[in-house]
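Heads up, the thing below is written out as structure tokens.
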Amino acid sequence: MNQTLLTALQYYGAGAATIAALVVSLNLGRRITGWAFVLFVTSSIALIAWGFLDRNSEGIGWQNVALLFINATGVWRYLLSKHDPKS
């Protein structure tokens, strides 16, 4: 596999997750938090690809399969669902 692509996936995934975690921690409101979860989803996808394309990183790939479902739940809860989480 092209090492440049693997490196890009790895660093994008790490950077996107870091920014998303910062945004969630700032608690800037439902909509912004929802978009942070979208960023988490893209991070998980990048890290899944990196994890399974780089033979030494399969554990990160599997971890991000689980995190993808968790992050998709965040997108559903904060952006798509009409349910008020405070009630």
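The numbers here are math on the coordinates, done by the rules we state, and not lab data. All figures in this text were calculated on a predicted structure; none of them were measured in a lab. Quick reminder, even Gly has a Cβ in these numbers, built from the backbone with ideal geometry, and neighbours come from all protein chains shown.
Brief remarks on what is shown
- Most mobile listed residue (Gly51, Gly29, Gly15) in the chain, GNM with C-alpha springs under 10 Å: Gly29
- Each residue of the range 17-34 was assigned a 3J(HN,Hα) from its phi angle through the Karplus curve 6.51 cos²θ - 1.76 cosθ + 1.60 (θ = phi - 60°); the sequence is 5, 5, 5, 4, 5, 4, 4, 4, 5, 6, 6, 8, x, 4, 5, 5, 4, x Hz, with glycine and proline shown as x.
- If the segment from Thr42 to Glu58 were pulled out straight at 0.36 nm per residue, it would be longer than the present Cα-Cα gap by 4.0 nm.
- For the chain, the Cβ-based charge dipole about the Cα centre amounts to some 380 debye (Lys, Arg positive; Asp, Glu negative; other atoms uncharged).
- Helix 58-75 vs. the chain, principal-axis angle (Cα, 0 to 90°, nearest 10): 20
- For the chain, the list of trypsin sites (Lys or Arg not before Pro) that fall in a loop by DSSP and count at most 15 other C-beta atoms within 10 angstrom reads Arg55, Lys82, Lys86.
- Given [x] 28, 13, 8; [y] 55, 37, 13; [z] 19, 16, 11, the label whose value is semi-axes √(5λ) of the Cα gyration tensor in Å derived from this model: [x]
- Helical contribution to [θ] at 222 nm, DSSP H n ≥ 4, -39,500 (n - 2.57), averaged over the chain, rounded to 500: -26500 deg cm²/dmol
- Residues whose amide H comes within less than 5 Å of that of Asp54, counting only those at least five positions distant or on another chain, are absent (H built at 1.01 Å from N in the peptide plane).
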